[in-house]
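Report on the structure given below.
The values are calculated or read from the model by the stated rules, or taken from the named source; none is laboratory data. Bear in mind the structure is a predicted one, so any value in this text is a computation, not a measurement. Glycine also receives a Cβ, built like all others from the backbone with ideal geometry; neighbour counts cover every protein chain displayed. What goes into the accessible areas is simple: the full protein's heavy atoms, side chains included, and nothing from ligands, DNA or RNA. Shrake-Rupley method; radii C 1.70, N 1.55, O 1.52, S 1.80 Å.
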Amino acid sequence: MSAVTNYHCDVCGHQRGEANHWASFGFDRRTLENGEEGRGLTIYAWDPAASLHVCGPRCAVTLIARYYQLLLEGQFNDTQLPEEVLRVFRKYQDLREASHVL
């Protein structure tokens with residue numbers, strides 16, 4: 001018997017259903033056009049293995065806004081690995097409360 005995995009929105013807590021149009025986010029490191037290393041937040045149509053999952057456009061915008069707020073506050077630096085960025089992101093931001101702001 002296989003285990004059933006339930007996914008919940010990392011912003012509002014909504015449980016994913018079969019007909020939902022969800023998106024996934026990941027923290028990636030990449031080489032920028034100027035040749036420097038940079039970090040980015042990448043959105044995927046749906047990837048169960050991604051770092052964060054959102055249930056729709058409102059929660060996606062909330063997640064992006066919170067990410068850039070923390071980035072501008074200096075909570076991240078360019079030497080951190082994606083896993084470390086995720087840890088900082090979750091430590092400093094309770095996304096479920098943030099969903100009520102937008």
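Details
- Of the numbered criteria (1) open to solvent by 40 Å² or more (accessible area, probe 1.4 Å); (2) of a type in the set (S, T, N, Q); (3) in contact with a His (Cβ under 6 Å, 6 or more places away or on another chain), the one ASN6 fails is (3).
- Scanning the stretch 35-52 for residues that are touching a residue at least 40 places away in the same chain (Cβ under 8 Å) and under 17 Å from ARG87 (Cβ atoms) yields ARG39, LEU52.
- Selection within the stretch 50-79: residues that are part of a helix (DSSP H, G or I) and among the aliphatic types (A, V, I, L, M). The member of this set that is nearest to TRP22 (Cα to Cα) is ALA60.
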